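Below: the structure, in structure tokens.
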Amino acid sequence: MSEIKVVGVLGAGTMGNGIAHVFARGGFDVRLCEVEQRLLDRGIETIRKNLDREAAKGKITADEVAASLKRIQGTLDRQSLAACDFVVEAATEKFEIKSQLFAELDSILPKDVILASNTSSISITKLAAQTERPEQIIGMHFFNPVPVMKLVEVIRGLQTSQATYDTVKALAEKLDKTPVEVNDAPGFVSNRVLMPLLNEAMYAVMEGVATPEAVDEVFKLGMAHPMGPLTLADFIGLDVCLDIMRVLHDGLGDPKYRPCPLLIRMVDAGWLGRKSGRGFYQYE
Ligand code: CAA
């Protein structure tokens, strides 16, 4: 496969803009693709703010901020991704949305291009089955905030080729991240272990064992977690947490993965965490 210079990122939300940010910082040209101009503008504005934050801390120069921003080209036209050497999808965490996108991108992208998904829990093997290139489909799972977190979970679907794996591992290293190899299974490693912790913390609140503040204090002071589990759930997004719990529950079939009823109620109410202004805490 030829050298990767132009990277397509599908979705400019929390994860997508972070992914575009680190590829641009890594010297790649980025095509950042969204479905609405408003979402694209918001994503690029977030990248600008986060690059400025890195400059304010002295991690990069003002020239590097400008050069990184210049490397990012926003687009609403998925067809334009045909010019990319590698594409990573970071759209909404719903199988129907991602599977449609994979089928569409398969028809747009040149045959040798690798298509990765930043999915946090959806089967890579199932996404690969939507395409005619299952050997070139892989999981490239980043962590929020993407510019800060060192991990990339690299997930092999059943048919992912060794060449695809090697390319994505090398790409992650080029972004100054640490790739960890994981096989395709519900929630992979990160969310199979993390989400039940967050879900259990929600049960503790629902059952009146402790307040959200108290649960979070226990984990911050007792286990040295940078954020308590309920602050972290708000940070990730309660809708995302619920989607992942459902994938674990359906995929593993064990009642221990049952989503906490309080989580379901909060998502029904539109309390999605930090992004909606209210979750276990209020942010206005
Ligand atoms: N872009 C660039 N830099 C950022 C940033 C961003 N979006 N957010 C924070 N930073 C930088 C800050 O500038 C700061 O830099 P210095 O160390 O050089 O000072 C550093 O990160 C720490 O930030 P703050 O001082 O503002 O705040 P903090 O010490 O409270 O750290 C945090 C913030 C990094 C988010 C920390 O609380 C943390 O690590 N939280 C846990 C995050 C976590 O668990 N993420 C994984 C979520 S799960 C997931 O993403 C995957 C999934 O599938 C659901």
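Is it true that some residue in the range 92-108 is in a loop (DSSP other than H, G, I, E, B), touching a Ser or Thr at 6+ places or on another chain (Cβ under 9 Å), modelled with pLDDT of 95 or more and on the phi < 0 side of the Ramachandran plot? There is no residue in the range 92-108 that is in a loop (DSSP other than H, G, I, E, B), touching a Ser or Thr at 6+ places or on another chain (Cβ under 9 Å), modelled with pLDDT of 95 or more and on the phi < 0 side of the Ramachandran plot. Listed here are the strands (runs of 3 or more DSSP E) enclosed by the range 121-217 that have at least 1 residues being β-branched (Val, Ile, Thr), touching a residue at least 12 places away in the same chain (Cβ under 8 Å) and under 18 Å from residue 16 (Cβ atoms): 137-141, 151-156.
Listed here are the residues, each with its yes/no results for (1) surrounded by fewer than 23 Cβ atoms within 10 Å (Cβ to Cβ); (2) touching a residue at least 24 places away in the same chain (Cβ under 8 Å).
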position: 26; (1), (2): yes, yes
position: 33; (1), (2): no, yes
position: 38; (1), (2): yes, no
position: 42; (1), (2): yes, yes
position: 45; (1), (2): yes, no
position: 50; (1), (2): yes, yes
position: 65; (1), (2): yes, no
position: 90; (1), (2): no, yes
position: 96; (1), (2): yes, no
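Of all residues in the range 247-275, those satisfying the criterion of being on the phi < 0 side of the Ramachandran plot, surrounded by fewer than 16 Cβ atoms within 10 Å (Cβ to Cβ) and not aliphatic (A, V, I, L, M) are 250, 254, 255, 256, 258, 261, 265, 268. Residues that are away from the ligand (no atom under 16 Å from the Cβ), more than 25 Å from residue 237 (Cβ to Cβ) and touching a Lys or Arg at 6+ places or on another chain (Cβ under 8 Å): does the range 49-68 have at least one? Scanning the range 49-68, I find no residue that is away from the ligand (no atom under 16 Å from the Cβ), more than 25 Å from residue 237 (Cβ to Cβ) and touching a Lys or Arg at 6+ places or on another chain (Cβ under 8 Å), so the answer is no. None of 237, 222, 253 is more than 22 Å from the chain's Cα centre (by Cα), under 27 Å from residue 150 (Cα atoms) and outside the structural domain of residue 151 (by the TED database) except 222. Being more than 18 Å from residue 106 (Cβ to Cβ) and not in a helix (DSSP H, G or I) holds for only one residue in 43, 18, 27, and it is 27. For the range 71-81, the set of residues classified as surrounded by fewer than 21 Cβ atoms within 10 Å (Cβ to Cβ) and either touching a Pro at 6+ places or on another chain (Cβ under 7 Å) or not in a helix (DSSP H, G or I) (or both) consists of 73, 74, 75, 76, 77, listed by residue number. For the range 21-48, filtering for residues that are within 12 Å of the ligand (Cβ to nearest atom) and closer than 22 Å to residue 236 by Cα leaves 5. Among the residues of the range 220-254, those that are over 15 Å from residue 201 (Cα atoms) and either away from the ligand (no atom under 13 Å from the Cβ) or β-branched (Val, Ile, Thr) (or both) comprise 221, 240, 244, 246, 247, 249, 250, 251, 252, 253, 254. Taking the condition within 14 Å of the ligand (Cβ to nearest atom), surrounded by fewer than 24 Cβ atoms within 10 Å (Cβ to Cβ) and under 17 Å from the mean Cα position of the chain (by Cα), does residue 17 pass? So residue 17 fails the test.
Residues considered: 215, 180. Of these, the only one that is modelled with pLDDT of 95 or more, β-branched (Val, Ile, Thr), in contact with a Leu (Cβ under 9 Å, 6 or more places away or on another chain) and buried (at least 18 other Cβ atoms within 10 Å of the Cβ) is 215.
The values are calculated or read from the model by the stated rules, or taken from the named source; none is laboratory data. Remember, it's a predicted structure, so these values are computed and weren't measured experimentally. Note that we place each Cβ from the backbone using ideal geometry, even for glycine, and neighbour counts take in every protein chain shown.
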